1. Under the rule a/c < 1.5 gives rounded, and otherwise a/b versus b/c splits prolate from oblate, where does segment B:35-184 land using the Cα gyration tensor?
2. Out of all Cα-Cα pairs in segment B:3-123, roughly what percent, to the nearest whole number, are more than 22 Å apart?
3. With 10 angstrom as the radius, rank B:142, A:63, A:263 by how many other C-beta atoms surround their C-beta, starting from the fewest.
4. Considering only C-alpha atoms, what is the centroid distance from segment B:39-93 to segment B:201-244, in Å?
5. Placing a label point 7 Å from Cα toward Cβ, how far apart in nm is residue B:111 from its equivalents in the other copies, listed shortest first to one decimal?
6. In degrees, nearest 10, range 0 to 90: what is the angle between the Cα axis of helix A:72-89 and the longest Cα principal axis of chain A?
7. What does the average come to when, for each residue of peptide B:135-145, you count the partner chain Cβ atoms lying within 10 Å of its Cβ?
8. Going by average Cβ density within 10 Å per residue, which order do the peptides B:65-73, B:77-85 take, highest to lowest?
């Protein structure tokens, strides 16, 4: 079951729409130009997680694309409407995981008003399985150097746009080459991010546990899950660190994960076909911290 | 007036749809991921131009994205249906210019079948005006080096995807900085292409006229209009040349144009705010050659 709620000034809580029928105009610039932005949130037990962090990042993406956004209140009301609507139509149990998407496009050509909606659907079984079983990952070059974001704002680095054709092509390339997912590298050899996730690694040295992630200045998307995990990990006694990281850092780590809002923490089992050690105890410990994020 | 014709196995000539109503599913991967491809053709006097060249490039884009495509015959029938439908609903005069778009997405999530349609609408007045008045152009870095396309097929360089957010952002950046359009450069300083056009320049030396364009190996889109113009220009006695080109080559040329299927040949009046010479006689001569393309 999929629920759609369009943000619509005429409907305070959003306008519920039939997801089994066409709801978008063929001239919507989201469909014809990938000209829009999105967020994906996890809802557990009927509650969406990290709503403010996702609304903050949506606002940041909107600024990069010069897009008008509905108010935060309108988004929150539409999310509530969509989750209520889902619960009314399907059985939501304590362990039901729902993917909540917030979508905004530049709107119908010539209309000069964004199209915005919330979609709620179950998290795919395959996504949950990757969280348990882990991932075979390929390093693929993203083509950009790690400093371009700062000098070329028109490249929209760090904005979560609907123009994900390259991200999807990279994952298809991985699947065609006996892998599950990808870690992008910059043309100057730095570790960047996954097509739909943030890279995380752990080092344990002399009893000191350190969590590391690539630095934002390299033009990667600011990870809402990575950021929230860093906060709870710090409170639990972890040291924190930020890149630049190179592939050798990942081979040398005590654990590598891809972290994202829906799949959560997925351990990396191999890099470019070479097995790596991602200690199960660290995965368990970090997964417990991830579970505390709200 | 806008006409939509969906390619549909149940309708031989395509299924005419009401463009004033929603026709796309909100879960179509074209809308949610920019995961699809397109072509834009000009129709003059009720006849679409360069249909085979556009179908060839569509097929090439589909291969890059591993997308299933309807047959060429199905496309041709749908184009005819759409143009007939337009003519039935609006007055088409000899000088009526129509933009014909061919669109294909990966389809609705989970459906495993592409969504494909033809759209016909008038060419915007502003587009025709730029053809006459010319363009102020900014050089903007595209972030890639000019050799990445050959080693990183997952970047989909040279495929005309629906993920055009960066192309649109670059044009917005130009408009916010007193310009009309953009010429992208590579991180190694080579001239690439416009966000929706091919770069063309002319040199006249000792009575020898040469038309030049950047080389395809730099990862640019193969220009159907540039290619067709090169063919007719050669027959008219022009020499032809291919890059690598650098910005200095454009400042030194006797004419610079952006060429594309809908806007056709648009003369460049300035580069980064500096006036350049695009000889009106050359624009006239090349425009007459462009008019011969069919």
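Throughout, read-outs are computed from the coordinates displayed, never taken from laboratory work. In this text, all values refer to a predicted model and were calculated from it rather than measured experimentally. A quick note on method: Cβ atoms are made from the backbone with ideal geometry, for glycine too, and the neighbour counts reach across all protein chains shown.
1. The shape class here is oblate.
2. Here the long-distance tail beyond 22 Å is 31 percent of all Cα pairs in segment B:3-123.
3. Values: B:142 29, A:63 11, A:263 25.
Least to most surrounded, the residues fall as A:63, A:263, B:142.
4. So the two Cα centres are separated by 26 Å.
5. Computed spacing set for this position: 1.9 nm.
6. For A:72-89 against chain A, the angle is about 90 degrees.
7. What the average comes to for B:135-145 is 4.
8. Descending mean neighbour count gives B:77-85, B:65-73.
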